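Let me give you the structure first, and then I'll get to my questions.
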């Protein structure tokens, strides 16, 4: 599916699904997808890639409730160092919604704790991108 279709599908999943793992090679469009979602959520700040900052947080309203879009980039983080980011506490807060670049590094952690997430796989095909959205919470029951 195209980015516009992926964004529409992701927005329909909010706020019941709160963790989105963005997976794809370098330059696939993970930040672009998050920027497009932020724009649709009417976030006023300009999102930038959190590669060197690691974690950025933006406030927005959805259905008259206050939420925070947490944009993380785990590219430079080793799997064992993820726990040092203090994610545990933040993931449990219902007002936090996460878009995590290089999210495949977090899959095992989430699965072990039975934390629901949605995997968004971005594949580059020349100048075009293809988006696949997998709700792992559904597949875990098989």
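The values are calculated or read from the model by the stated rules, or taken from the named source; none is laboratory data. Remember, it's a predicted structure, so these values are computed and weren't measured experimentally. Counting neighbours? That spans all protein chains shown, and the Cβs are built from the backbone with ideal geometry, glycine included.
May I ask you to verify whether residue 44 is without any contact (Cβ under 8 Å) to a residue 24 or more places away in the chain and either within 15 Å of residue 118 (Cα to Cα) or in a strand (DSSP E or B) (or both)?
no
Evaluate the following for residue 82: is it under 24 Å from residue 29 (Cβ atoms), modelled with pLDDT of 85 or more and surrounded by 11 or more Cβ atoms within 10 Å (Cβ to Cβ)?
no
Please verify whether the range 21-39 includes one or more residues that are over 22 Å from residue 124 (Cα atoms) and surrounded by 12 or more Cβ atoms within 10 Å (Cβ to Cβ).
yes
Follow-up question, since we're still on this one. Of all residues in the range 2-20, which are in contact (Cβ under 8 Å) with a residue 60 or more places away in the chain and assigned to a helix (DSSP H, G or I)?
Passing the criteria: 3, 5, 6, 9, 10, 13.
Only one residue in 94, 57 is under 19 Å from residue 10 (Cα atoms) and touching a strand residue (DSSP E or B) at 6+ places or on another chain (Cβ under 7 Å). Which one?
That would be 57, the only listed residue that is under 19 Å from residue 10 (Cα atoms) and touching a strand residue (DSSP E or B) at 6+ places or on another chain (Cβ under 7 Å).
Identify the residue in the range 112-127 that is touching a residue at least 40 places away in the same chain (Cβ under 8 Å) and part of a strand (DSSP E or B) and, among all such residues, is farthest from the chain's Cα centre (by Cα).
Taking the candidates together, the pick is 124.
Looking at the range 91-110, which of the residues that are surrounded by 13 or more Cβ atoms within 10 Å (Cβ to Cβ) and over 23 Å from residue 39 (Cβ atoms) is modelled with the lowest pLDDT?
So the residue we want is 109.
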